[in-house]
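The values are calculated or read from the model by the stated rules, or taken from the named source; none is laboratory data. The model shown is predicted, which means the values in this text are computed figures rather than measured ones. Heads up, the Cβs are rebuilt from the backbone with ideal geometry, glycines too, and the neighbour counts pull from every protein chain shown. Surface areas here come from the heavy atoms of the whole protein model, side chains and all, with no ligands, DNA or RNA. Shrake-Rupley method; radii C 1.70, N 1.55, O 1.52, S 1.80 Å.
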Amino acid sequence: MQFMKFYRISHFSGLLSVIFILFWVISCTHDAILDNLPEICFERDVLPIFQNSCAISGCHDGSGEPDPALTGYVPISHAVEPGKPYSSSIYRAIIATSGEDKMPPDQPLSLDNRTIIRLWIEQGALLTVCQDNSGQNNGYFNPLACYSRDIQPVLVSRCATTGCHDAITHEEGFVFSVYSTTLSAVTPGNPDESKLYQVIKFESGEEKMPPAGNPQLTTAEIDSIQAWISYGAQDQSCGELCDTISQITFSGDIWPVIQTSCTGCHSGTSPSGGVTLENYSNVAAIAMSTVLLNSLNGDGVTKMPLGGSFSLCRIRQFELWINNGYLNN
């Protein structure tokens with residue numbers, strides 16, 4: 001699926017280089033010149049730090065005391081003076097070594113993270129979303145992989161299937177149908193220490209998941225899971241690329257959704273409900289019978305996909321494609 005092709009998170013190695021350069025220039029007697037350093041992007045580099053270390057339950061999550069909330073750009077910007085980190089209350093708090101204003105109170109942010117925040121403030125504390133310019137992402141980027149949009153459909157279709165990691169079977173104790181149970185196989189911020197990522201990145205062997213003979217995760221899907229874990233494995237709900245104005249095509253709009261959310265259950269020798277969705281002919285046949293649209297809407301049949309639902313926009317795309325003759329376009 002094109003919109004799920006992410007850049008690999010190689011920019012963090014670049015940030016470490018930035019940190020080295022910063023420490024080198026400020027070790028001299030002259031003021032640091034930050035004009036030529038790579039841009040620190042709020043959505044990609046700064047917001048995850050606050051989400052994972054500050055905007056947690058009981059702290060700065062916006063539910064009450066203590067203030068301020070640190071859940072997004074607007075409240076964070078209220079505690080920042082652009083260009084002046086030492087005049088910004090939020091930066092003074094994260095570099096404090098003692099006192100009531102020290103943040104986080106129990107465990108300080110890493111040196112890398114403190115420096116990223118300082119550089120962001122020095123560069124103007126802008127609301128920025130940056131593309132990867134490495135040339136390795138084929139023109140597609142996504143600063144954050146979001147659970148509801150990018151992760152859950154893949155896990156439900158490929159992993160939380162009957163006889164594997166669904167709520168009934170829970171093979172090896174893992175259930176991947178909902179966020180709360182998926183976290184048992186995840187170490188937020190560290191994909192390589194996460195059981196979920198360890199097994200999906202294997203190319204072969206007994207530990208490879210999904211097992212050989214089952215529909216496999218694409219490189220883009222594996223990359224999105226890696227990105228989601230790297231950014232803290234948050235339970236986020238993000239917007240999706242969904243267009244009902246342009247012509248709806250099977251290859252560009254319908255089939256990528258079927259592959260991600262349906263074929264994991266509806267393929268192989270024992271497809272769920274006896275319904276196979278492995279190619280255009282399979283999908284067209286069930287579209288012709290009205291079962292497909294009824295299952296997406298939950299009209300008299302089990303609502304699909306199991307463990308979630310498509311947005312109204314996505315269902316409308318299926319409806320338009322069917323009404324236009326479910327073409328193989």
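Please list, ordered by chain and number, the residues whose modelled amide H lies under 5 Å from the amide H of A96; skip anything fewer than 5 residues away on the same chain.
Correct list: M103.
Calculate, for L183 and N279, the FRET efficiency according to 1/(1 + (r/R0)^6) with r their C-beta to C-beta distance and R0 45 Å; round to the nearest 0.05.
Once the sixth-power term is evaluated, E becomes 0.80.
Given R₀ = 35 Å, what would the calculated FRET efficiency be for N323 paired with T302, taking r from the Cβ atoms and rounding to 0.05?
0.90
Give me the distance in nm between label points sitting 7 Å out from Cα along the Cα-to-Cβ direction at K201 and T249, one decimal.
Here the answer is 3.4 nm between the modelled labels.
Using a 1.4 angstrom probe on the protein heavy atoms only, could you order K102, K303 from most to least accessible area?
Descending accessible area places them as K303, K102.
With contacts defined as alpha carbon pairs under 8 Å and 6 or more residues apart, what's the relative contact order of the stretch 79-122 in percent?
Relative CO of the stretch 79-122 lands at 41 percent.
Can you give the accessible area of C265 in Å² (nearest 10), computed on protein heavy atoms with a 1.4 Å probe?
30
From Cα pairs below 8 angstrom and at least 6 apart in sequence, can you work out the relative contact order of the stretch 231-319, rounded to a whole percent?
Over the stretch 231-319, the number comes to 25 percent.
What is the Rg over Rh value, at two decimals, for the stretch 186-329, using alpha-carbon atoms and the Kirkwood definition of Rh?
With Rh from the inverse mean 1/r over Cα pairs, Rg/Rh is 1.00.
Given R₀ = 56 Å, what would the calculated FRET efficiency be for I168 paired with H78, taking r from the Cβ atoms and rounding to 0.05?
The computed FRET efficiency comes out at 0.70.
Once neighbouring chains are kept in place and the probe is 1.4 Å, which whole percent of the accessible area of the stretch 237-329 is contributed by carbon and sulfur?
Answer for the stretch 237-329: carbon and sulfur cover 53 percent of the accessible area.
Could you compute how much accessible surface L327 exposes when probed at 1.4 Å, giving the result in Å² to the nearest 10?
Estimated to the nearest 10 Å², L327 gives 90 Å².
Could you work out how far apart the two model spin labels at A96 and K208 are, taking each label as a point 7 Å from the Cα in the direction of the beta carbon, and quote it in nm?
Here the modelled spin labels are 5.3 nm apart.
At q = 0.20 Å⁻¹, what log₁₀ I(q)/I(0) does a Debye calculation on the Cα points of the stretch 163-210 give, no solvent, two decimals?
Computed log10 I(q)/I(0) values: -0.68.
Under the classification rounded if a/c is under 1.5, otherwise prolate if a/b is larger than b/c and oblate if not, where does the stretch 180-242 fall, given a ≥ b ≥ c as square roots of the Cα gyration tensor eigenvalues?
oblate
At a 1.4 Å probe radius, which order do S251, S194 fall into by accessible area, largest first?
Sorted descending by solvent-accessible area, the residues read S251, S194.
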